[in-house]
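Quick one: this structure, given as structure tokens, is what I'll be asking you about.
The values are calculated or read from the model by the stated rules, or taken from the named source; none is laboratory data. Predicted model only: the values in this text are computed from it and were never measured. For neighbour counting, all protein chains shown are included, and Cβ atoms are generated from backbone atoms with ideal geometry for every residue, glycine included.
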């Protein structure tokens, strides 16, 4: 029998009352979504490390989250985005870096990323739309 997914407010209470079970549920419910997000932005070889760093920071920052600030997933995505930026900042840019990695690393525009990576600007925009799943 499939286990029903619990709501954010139920998950928050579970983590606060039973950290071990709460963190297990948190990981089960959100790690695949966060990993998919990371994979859209960086290469596969560093994605798991970024996910692990994000999960650790989420656990360490848990007490700072409040439901009224926004959804739990949005809060976790913002933490994960920060870990992606950290990972990209630590790495050296290589000619094979993606436009998205350049945008994250340098806080660059699509035009700047295109110039730096040797790609066309429209290719960078398509890459970015695909990563964010924005359709046009």
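Could you say which residue among 128, 105, 132, 93 is surrounded by 17 or more Cβ atoms within 10 Å (Cβ to Cβ) and either over 15 Å from residue 41 (Cβ atoms) or modelled with pLDDT under 75 (or both)?
Details: 128 fails: either over 15 Å from residue 41 (Cβ atoms) or modelled with pLDDT under 75 (or both); 132 fails: surrounded by 17 or more Cβ atoms within 10 Å (Cβ to Cβ); 93 fails: surrounded by 17 or more Cβ atoms within 10 Å (Cβ to Cβ).
Sole residue among the options that is surrounded by 17 or more Cβ atoms within 10 Å (Cβ to Cβ) and either over 15 Å from residue 41 (Cβ atoms) or modelled with pLDDT under 75 (or both): 105.
Hey, among 25, 9, which residue is surrounded by fewer than 15 Cβ atoms within 10 Å (Cβ to Cβ), assigned by TED's automatic domain parsing to the domain that holds residue 86 and more than 18 Å from residue 86 (Cα to Cα)? Walk me through it before giving the result.
Values: 25 fails: surrounded by fewer than 15 Cβ atoms within 10 Å (Cβ to Cβ).
After applying the criteria, what remains is 9.
Which numbered condition trips up residue 61, out of (1) modelled with pLDDT under 90; (2) surrounded by 12 or more Cβ atoms within 10 Å (Cβ to Cβ); (3) within 21 Å of residue 5 (Cβ to Cβ)?
So residue 61 meets the others, but not (3).
Residue by residue through the range 25-47, note down the ones that are in contact with a helix residue (DSSP H, G or I) (Cβ under 9 Å, 6 or more places away or on another chain) and over 17 Å from residue 131 (Cα atoms). Reasoning before the result, please.
From the range 25-47, those in contact with a helix residue (DSSP H, G or I) (Cβ under 9 Å, 6 or more places away or on another chain) are 25-27, 29-31, 33-35, 37-43, 46-47; that's our starting set.
Within the range 25-47, 25, 26, 27, 29, 30, 31 meet the criteria.
Got a number for residues in the range 28-58 being surrounded by fewer than 21 Cβ atoms within 10 Å (Cβ to Cβ) and either under 12 Å from residue 78 (Cα atoms) or not assigned by TED's automatic domain parsing to the domain that holds residue 14 (or both)?
Counting residues in the range 28-58 that are surrounded by fewer than 21 Cβ atoms within 10 Å (Cβ to Cβ) and either under 12 Å from residue 78 (Cα atoms) or not assigned by TED's automatic domain parsing to the domain that holds residue 14 (or both) gives 1.
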